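This report concerns only the one structure given below.
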Amino acid sequence: MYVWTLLSGLFIVPQAFASIGNGAFADGAEVVELDADSYSAGEKLYGRCKGCHAFEYNRVGPKHCGLKGRRAGSLDGYRFSEAMKQSGIVWNVETLDRFLKSPTKVIPRTSMGYGGVKDDAERRLLVAYMLQESTSQERCADE
Amino acid sequence: MTDFSKNMINHIDTSQASRRKFLIGSGAAGLSAAAVALIGGKEALASKYKANEHGDVTILSTALGAEREAIAAYQLGAESGLLSKGVLDVAVAFQGHHKEHADVLAATITSLGGVVPAAPTQYNFPVSQLKKERDVLAFAAGLEQGAVSAYLGAVPLFDNRDLSAAAASILGDEAMHWAVLRQALGLNPVPGAFVS
């Protein structure tokens, strides 16, 4: 059960996410393996991505298996925007966090017309979950 | 599925779905014209709308892709043979909504001078994981949840505020789909006061 709280009357943050998310990165750069609660919370956050993305296969958006360490726009079999292909980004904790905060500001002509995950704790947790799952042996065996 | 869920599903007016199918099948152009007027796609809009047309058309094109995928997903579910009559009727009704969304989005892209992207020839779905009705419902619920988030993320990005309003209108419809599917799965249909 997540407890929601209003901060400054403007931002709504789930407290459970906040407490988990702050510990999602060991040193601010590398993902540590998520514990069960954090994994579950990250999985729940990933639900927001499921309108366009899946780990195992390309949809409206590219698949996320193999995302960690992949150069943006380089996945075979998916038609990326030129902006994404030219971005020079390699996906890691820092780049994914920055992109998901405001995709259209980081890559102005990206096809991902999404405002971003603004809450730092939620985004940190989502990034950790995505990068961990992107190398899952079970889920991404074909990578 | 619980009896309550079945009853709720059965109470949805599927005659509306039939009407939508008729409209789409026999007069898509008329539907689009009415819908485009609703979405703000008036002639004046196209002429005054230049500032951020690439951005808005890109967002609309991505949304169109998601709507087309949802139409295909509901078709997959409808043809799976896994859905009971009441659930099938609802799936067809929801698919009809997505078709209306897709028609509106395509017409709006055109009205803004954009090029409607070609529809994919095939879609990837986790077919092997769909073995019973509940699997199909859960799959559809996931798509609808994602659609809610996607539209929520798109609403503030449109340069044209009429498009934001239209996207919010579609968001509301997707949220209702999600709630009904959650109810059918025996989950709290409205798990919180906010969507994200």
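This table checks each residue for (1) within 7 Å of another protein chain (Cβ to nearest Cβ); (2) touching a residue at least 12 places away in the same chain (Cβ under 8 Å); (3) closer than 12 Å to residue A:51 by Cβ; (4) of a type in the set (Ser, Thr, Tyr).
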residue	(1), (2), (3), (4)
B:127	no, yes, no, no
B:144	no, yes, yes, no
B:151	no, yes, yes, yes
B:163	no, yes, no, no
Among A:68, A:105, the single one that is among the charged types (D, E, K, R), under 12 Å from the mean Cα position of the chain (by Cα) and open to solvent by 70 Å² or more (accessible area, probe 1.4 Å) is A:68
For residue B:187, are the conditions met, namely being within 12 Å of another protein chain (Cβ to nearest Cβ) and either closer than 18 Å to residue B:69 by Cα or out of contact with any Phe, Trp or Tyr (no Cβ under 6 Å at 6 or more places or on another chain) (or both)? no
Whether any residue in segment B:175-182 is within 11 Å of chain A (Cβ to nearest Cβ), more than 18 Å from residue B:104 (Cα to Cα) and in a loop (DSSP other than H, G, I, E, B) is what I want to check. no
The listed residue being small (Gly, Ala, Ser) and open to solvent by 40 Å² or more (accessible area, probe 1.4 Å), out of B:73, B:93, B:119: B:119
If a residue counts only when it is under 17 Å from residue A:55 (Cα atoms), which helices (runs of 4 or more DSSP H) contained entirely in segment A:88-143 have at least 1 such residues? A:93-101, A:120-133
Subset tally (residues that are out of contact with any strand residue (DSSP E or B) (no Cβ under 9 Å at 6 or more places or on another chain), open to solvent by less than 30 Å² (accessible area, probe 1.4 Å) and farther than 14 Å from residue A:126 by Cα) for segment A:84-101: 1
For segment B:100-113, does any single residue satisfy the condition of being free of Cβ contacts under 8 Å to residues at least 24 places away in the same chain and not aromatic (Phe, Trp, Tyr)? yes
Over 21 Å from residue B:120 (Cβ atoms) and either within 13 Å of chain B (Cβ to nearest Cβ) or assigned to a loop (DSSP other than H, G, I, E, B) (or both) - does that describe any residue in segment A:51-63? no
Examine segment A:115-138 for a residue that is of a type in the set (Ser, Thr, Tyr) and either under 16 Å from residue B:62 (Cα atoms) or without any contact (Cβ under 8 Å) to a residue 60 or more places away in the chain (or both), and state whether such a residue exists. no
Go through segment A:5-50 residue by residue and tally those that are open to solvent by 30 Å² or more (accessible area, probe 1.4 Å), away from every other protein chain (no Cβ under 14 Å) and modelled with pLDDT of 80 or more. 6
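The values are calculated or read from the model by the stated rules, or taken from the named source; none is laboratory data. Source: prediction; values computed, not measured. Neighbour counts run over all protein chains shown; Cβ positions are idealised from the backbone, glycine included. Just so you know, the surface numbers come from the protein's heavy atoms only, side chains and all, with ligands and any DNA or RNA stripped out. Shrake-Rupley method; radii C 1.70, N 1.55, O 1.52, S 1.80 Å.
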